[in-house]
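> Quick one: this structure, given as structure tokens, is what I'll be asking you about.
The values are calculated or read from the model by the stated rules, or taken from the named source; none is laboratory data. Owing to the predicted nature of the structure, the values given are computational and were not obtained by experimental measurement. Cβ placement follows ideal geometry from the backbone for every residue including glycine, while neighbour counts extend to all protein chains displayed.
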Amino acid sequence: MKKVLITGALGQDGKILSKLYLSRNFRVYGLIKCNLKKRKIVKGVSYKNINLESRKQVLNYLIKVKPTHIIHLASNNVTYSKRIIKDVKKKYLDKNFLITKNLVDATVELNKNVKFIFAGSSLMYENTNKIKINEKTKFTPSSNYAKYKCISHDYLMNKNKTKKIIGTTAILFNHDSIERAKNFLIPKIFDAFKLKNKKYLKKIYSYNISGDFSHAHDICHGIYKLSLTKKKIDKIILSSGKRTHINDVIDYLNKYSNLCSFKKINKKENVKPIGLNLLARKAINYKSKKNLLTLVDEYKKHILN
């Protein structure tokens, strides 16, 4: 039986992927770092809380499970104060890279040609001046989060050369669903409508933001297809390939709630890069079937009641 191990299994993508793999008759193992009693779990997943910073624990668990596929989504969040911001941010980078390194090294030691997918981020290009991004675009990280993603990708590519691991970095652009954590932009907008927070909505509207936003179900289906392909792909962009204007989302919601009126914005648009998903469409038959307005329809009852 095929077995998939998912880190960060109780996050948005972890939950969606868990359900997807279960529906395809995979045995699903989820690595987590929280108390299961306080979280909604996916029935059928074998959850385990281990210290991913311990090389020994990671290796022992992989030897026990013998996964055929590994999807590495997790990152270790570190809180900090302004006084120690520099040192702790560096620790954030080091800890997250150590977790990735332990998982990659343990996979190589299994010597089973495991398919390993590392979740990259569009922030790996956060300092670029390019409006359209493809797999040939040079990484330009500035934050420690983005740097962690880049050095992890480089490490995975070096280990690919051993031919004991089949590694791919899936560079994920913005994607949301009803499982999305509340501290991200789209859920904040939804909650603002529910709470009738006109001040927050008008502030976001004034920023005039546009960028590449997908429905998380599309992105996760892309990850699933990527995990099954036998093609050698070092990195691949999973994105909508389209520009979405956040003000259009707010206007769409406002039609149903009639909360307030929004003044037309004359200021320059706050443009974020678009991910060109031509490789994904060609290599794994990737398709974007949903968008943020689809998600709004899914959320509507929750928001407006």
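> Here are the criteria: (1) under 19 Å from the mean Cα position of the chain (by Cα); (2) closer than 27 Å to K130 by Cβ; (3) at pLDDT 90 or above. Tell me which single one V249 does not satisfy.
It fails just one condition, (1).
> Considering every residue within region 174-196, establish whether at least one is within 20 Å of G11 (Cβ to Cβ), among the hydrophobic types (A, V, I, L, M, F, W, C), surrounded by 15 or more Cβ atoms within 10 Å (Cβ to Cβ) and modelled with pLDDT of 95 or more.
Within region 174-196, not a single residue is within 20 Å of G11 (Cβ to Cβ), among the hydrophobic types (A, V, I, L, M, F, W, C), surrounded by 15 or more Cβ atoms within 10 Å (Cβ to Cβ) and modelled with pLDDT of 95 or more.
> Another question, if that's okay. Please enumerate the residues belonging to region 1-35 that are in a helix (DSSP H, G or I) and in contact with a Cys (Cβ under 7 Å, 6 or more places away or on another chain). Explain how you work it out, then say what you get.
Looking only at region 1-35, we keep the residues that are in a helix (DSSP H, G or I), and these are 12-23.
Result: D13, I16, L17, L20.
> Do the conditions hold for K231, that is, is it surrounded by fewer than 16 Cβ atoms within 10 Å (Cβ to Cβ) and over 18 Å from I284 (Cβ atoms)?
no
> Is it the case that I63 is surrounded by fewer than 23 Cβ atoms within 10 Å (Cβ to Cβ), more than 18 Å from T100 (Cβ to Cβ) and touching an Asp or Glu at 6+ places or on another chain (Cβ under 9 Å)?
So I63 passes the test.
> Among the numbered conditions (1) among the hydrophobic types (A, V, I, L, M, F, W, C); (2) at pLDDT 95 or above; (3) within 21 Å of I171 (Cα to Cα), tell me where L59 comes up short.
In the conditions (1) among the hydrophobic types (A, V, I, L, M, F, W, C); (2) at pLDDT 95 or above; (3) within 21 Å of I171 (Cα to Cα), L59 misses (3) alone.
> Shifting gears a bit: Could you tell me whether region 215-228 includes any residue that is of a type outside the set (S, T, Y), closer than 28 Å to K130 by Cα and outside any helix (DSSP H, G or I)?
Taking every residue of region 215-228 in turn, at least one turns out to be of a type outside the set (S, T, Y), closer than 28 Å to K130 by Cα and outside any helix (DSSP H, G or I).
> Of a type in the set (S, T, Y) and farther than 21 Å from L103 by Cβ - does that describe any residue in region 40-55?
The answer is no, given that none of the residues of region 40-55 is of a type in the set (S, T, Y) and farther than 21 Å from L103 by Cβ.
> Mind checking which residues of region 141-177 are part of a loop (DSSP other than H, G, I, E, B) and within 20 Å of S239 (Cβ to Cβ)?
P141, S143, F173, S177 - these are the residues of region 141-177 that are part of a loop (DSSP other than H, G, I, E, B) and within 20 Å of S239 (Cβ to Cβ).
> Which ones in region 243-266 are farther than 19 Å from L123 by Cβ and either in contact with a strand residue (DSSP E or B) (Cβ under 6 Å, 6 or more places away or on another chain) or in a loop (DSSP other than H, G, I, E, B) (or both)?
Initially, region 243-266 is screened for residues farther than 19 Å from L123 by Cβ, giving 245, 247-266.
Correct list: H245, N258, L259, C260, S261, F262, K263, K264, I265, N266.
> Only one residue in L123, L172, L195 is under 14 Å from the mean Cα position of the chain (by Cα) and farther than 19 Å from L226 by Cβ. Which one?
None of the others qualify; the one that does is L123.
> Return the only residue of D234, D248 being of a type in the set (D, E) and touching a helix residue (DSSP H, G or I) at 6+ places or on another chain (Cβ under 7 Å).
Details: D248 fails: touching a helix residue (DSSP H, G or I) at 6+ places or on another chain (Cβ under 7 Å).
When all the criteria are applied, what remains is D234.
> So which of K263, K230, K242, K235 is at pLDDT below 90 and not hydroxyl-bearing (S, T, Y)?
Sole residue among the options that is at pLDDT below 90 and not hydroxyl-bearing (S, T, Y): K263.
> Only one of (1) assigned to a loop (DSSP other than H, G, I, E, B); (2) of a type in the set (V, I, T); (3) not assigned by TED's automatic domain parsing to the domain that holds F26 is not met by I186, so which one is it?
(1)
> Any residue at all in region 165-184 that is of a type outside the set (S, T, Y) and more than 29 Å from C150 (Cα to Cα)?
Initially, region 165-184 is screened for residues of a type outside the set (S, T, Y), giving 165-167, 170-176, 178-184.
Within this subset, residues satisfying the condition of being more than 29 Å from C150 (Cα to Cα) are none.
Within region 165-184, not a single residue is of a type outside the set (S, T, Y) and more than 29 Å from C150 (Cα to Cα).
> Name the one entry in A283, A216 that is modelled with pLDDT of 95 or more, of a type in the set (A, V, I, L, M) and surrounded by 21 or more Cβ atoms within 10 Å (Cβ to Cβ).
That would be A216, the only listed residue that is modelled with pLDDT of 95 or more, of a type in the set (A, V, I, L, M) and surrounded by 21 or more Cβ atoms within 10 Å (Cβ to Cβ).
> Out of contact with any Lys or Arg (no Cβ under 8 Å at 6 or more places or on another chain) and of a type in the set (D, E, K, R) - does that describe any residue in region 205-221?
no
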